[in-house]
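Worksheet: the structure to be examined is printed underneath.
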Amino acid sequence: MSHLLVSSHQTEEEAETQHESENSVWRFRGSDTAAKASSVTMRVIVYKLFDLCSPDIKKPLLPLAHGDPSVYPCYRTSIHVENAVADVLRSGKGNSYGPAAGILPARQAVADFVNRDLTNKVTPNDVYMTVGCNQGIEVLMQALAAPNANIFLPRPSYPHYEARCVYSGLEVRKYDLLPENEWEIDLQGIEAMADENTVAMVIINPNNPCGNVYSYDHLKKVAEMARKLGIMVITDEVYSQTIFGDNPFVPMGEFGSIAPVITLGGLSKGWIVPGWRIGWIALNDPKGIFKSTGVAQSIQQNLDITPDANTLVQNALPQILEKSNKEMFAKKNSILKQNVDLVCDRLEDIPCLVCTKKPESCTYLLTKLELPLMEDIEDDMDFCMKLAAEENLVLLPGVALGLKNWARITIGVEGRMLEDALERLSRFCQRHLKKTEASLQAKYNGEI
């Protein structure tokens with residue numbers, strides 16, 4: 001697991017004390033422009049938890065705080081995906097620079113792929129290739145940044161959205177996902193918080209980190225509310241090929257005739273190749289609102305000043321996407337379903353952790369911490385820090401996602417890792433149960 005860790009770097013304190021006498025000579029200083037944005041990223045917390053793990057524990061580190069199934073052989077991508085890239089590599093067709101918006105064959109391939117599920121079809125001119133889905137987020141937040149503008153983000157959420165809003169100067173307003181309603185969007189809460197400076201709302205469907213898939217009716221209500229408020233919908237659908245429950249995926253772009261929709265997608269999650277860094281932005285806007293308001297032009301302008309997407313993989317996209325179908329994703333999704341079943345079954349025997357809804361998509365499971373049952377545990381961050389220090393097991397505290405006193409478990413790993421992790425988690429919780437609760441649990445299990 002060494003490739004998942006970060007090497008030690010010189011700390012700020014060490015840098016300040018080293019050669020302190022020379023610092024006054026130089027006129028340059030590092031900018032702190034990204035400091036506030038960086039502070040809300042997931043990486044900061046994950047690395048802090050890694051630092052608490054120790055070889056003295058005599059247990060291998062289990063990194064279940066972040067998701068990258070590609071490092072495990074059982075999730076290796078399809079051979080046709082690898083062959084598509086190998087063919088382009090050998091042909092030499094992917095060695096050149098490409099246009100900022102992406103090469104036409106790649107944009108056409110994306111348009112054809114997303115159009116499979118759309119009534120209102122998109123064209124290659126509606127598609128922009130990006131360096132992974134993350135660059136798509138960055139470009140959109142910068143394109144929408146204007147004085148006093150605000151944007152709605154879900155709570156809980158993928159932290160990169162907030163980080164890029166902070167960096168771009170967009171005011172963030174958070175709406176709740178309701179666990180009692182299967183993590184549906186609190187539409188009434190959004191309407192109550194919106195004002196004349198609200199420009200957009202972000203939804204993530206299938207949802208990271210909650211693992212739910214929104215219904216057609218719920219998404220239609222989202223579009224109708226967006227139209228009423230005069231805002232766009234940005235929909236992150238990067239997990240659309242990672243569904244193992246019964247609810248079918250409905251693209252938000254299906255409602256582009258009600259309110260303009262921008263869709264974010266990419267290869268990283270469905271095809272399990274996050275290191276290839278290929279994503280896309282697609283404008284679902286049959287009425288041409290994004291052009292008349294200058295949004296499309298702003299997206300292009302921001303792409304003009306950022307790195308281009310990898311032309312090697314772009315050239316392989318037509319072959320990759322044309323041959324992609326549900327059968328190709330079945331093996332991965334079957335493993336994830338087995339892992340979800342395993343974790344949910346085992347959590348029933350751990351008294352201080354509760355899974356309120358079984359995930360049906362993505363590679364994570366959210367569990368609620370029953371803090372009143374535990375002693376010496378203040379909150380979710382304290383729980384995860386002590387778990388890392390005592391068991392070399394790293395989970396993500398909910399506070400990193402905007403959901404205090406929850407924890408996220410990555411299920412996109414090998415089953416044996418989850419079994420080990422659940423054993424350690426059970427022992428940790430037993431140690432930290434309040435004594436009366438521990439005695440009742442032991443009695444219930446027939447141990448006393």
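Rule-based calculations on the coordinates, nothing more; no lab input. Model, not experiment: these values are computed from the prediction. So basically every Cβ, Gly included, is an ideal-geometry build from the backbone, and we count neighbours across all protein chains shown.
Here are some notes:
- Comparing mean-square fluctuations of PRO206, PRO260, PRO73 from a GNM of the chain with C-alpha springs under 10 Å, the top value falls on PRO73.
- Residue among GLU254, GLU162, GLU423 with the largest mean-square fluctuation in a Gaussian network model of the chain, springs linking Cα atoms under 10 Å: GLU423
- With the simple spin-label model, which puts each label point 7 Å out from Cα in the Cβ direction, the ILE79 to ALA35 separation comes to 5.4 nm.
- Residues in segment 110-120 carry Karplus couplings, in order, of 5, 4, 4, 5, 6, 5, 4, 10, 10, 7, 8 Hz; the curve used is 6.51 cos²θ - 1.76 cosθ + 1.60 with θ = phi - 60°, and Gly or Pro positions show x.
- Dipole magnitude of segment 320-448, debye to nearest 20 (Cβ charges: Lys/Arg +1, Asp/Glu -1, about Cα centre): 380
- Each DSSP beta bridge with both residues in segment 79-324 is either parallel or antiparallel, and the antiparallel ones are about 40%.
- Across the chain, C-alpha contacts under 8 Å between residues 6 or more apart give a mean separation that, scaled by the residue count, equals a relative contact order of 22 percent.
- Backbone amide hydrogens, once placed in the peptide plane, bring ASP236 within less than 5 Å of ILE203, ILE204, ASN205, LEU264, excluding anything fewer than 5 places away on its chain.
- For a label point 7 Å along the Cα-to-beta-carbon line of ASN120, residues of segment 185-221 with backbone N under 19 Å: 199-205, 215-221
- Spatial separation of Cα centroids for segment 324-401 and segment 203-278, in angstrom: 23
- Protection proxy ranking for 402-408, 113-119, using the average of other Cβ atoms within 10 Å per residue and placing the highest first: 402-408, 113-119.
- Long-range Cα-Cα pairs in segment 316-428 (distance over 26 Å), rounded percent: 25
- For LYS228, LYS58, order by how many other beta-carbon atoms lie within 10 Å, fewest first: LYS58, LYS228
- Spread of Cα-to-Cα distances over 5 Å intervals beginning at zero, given as percent, for segment 113-161: 4, 14, 18, 20, 20, 18, 5, 1
- GNM result for the chain, Cα springs below 10 Å: residue of ASN302, ASN205, ASN310 fluctuating most strongly: ASN302
- Cα-based equivalent ellipsoid, the chain: semi-axes from gyration tensor eigenvalues, Å: 36, 27, 25
- Karplus-derived HN-Hα couplings along segment 124-133 (A = 6.51, B = -1.76, C = 1.60, θ = phi - 60°), whole Hz, x at Gly and Pro: x, 6, 8, 10, 10, 7, 9, 7, x, 5
- Put simply, the amide H of TRP183, placed in the peptide plane, has neighbours under 5 Å in LEU178, leaving out anything fewer than 5 places away on its chain.
- Couplings 3J(HN,Hα) of segment 241-256, computed from phi: 9, 10, 10, 10, x, 8, 6, x, 7, 10, x, 5, x, 4, 10, x Hz, in residue order, whole Hz [Karplus 6.51 cos²θ - 1.76 cosθ + 1.60, θ = phi - 60°; x for Gly and Pro].
- Nearby lysines by direct alpha-carbon distance to LYS36 (threshold 29 angstrom, same-chain neighbours under 8 apart not counted): LYS48, LYS174, LYS269, LYS368, LYS386, LYS404
- Simple rule: put +1 on each Lys or Arg Cβ and -1 on each Asp or Glu Cβ in the chain, find the dipole, and look at CYS355, GLY256, GLY92; the Cα lying farthest toward the positive end is GLY92.
- Value of Rg to Rh for segment 79-324 (Rh from inverse mean 1/r over Cα pairs, i.e. Kirkwood): 0.96
- Relative contact order, whole percent, for segment 79-324 stands at 31, derived from Cα pairs under 8 Å and 6 or more residues apart.
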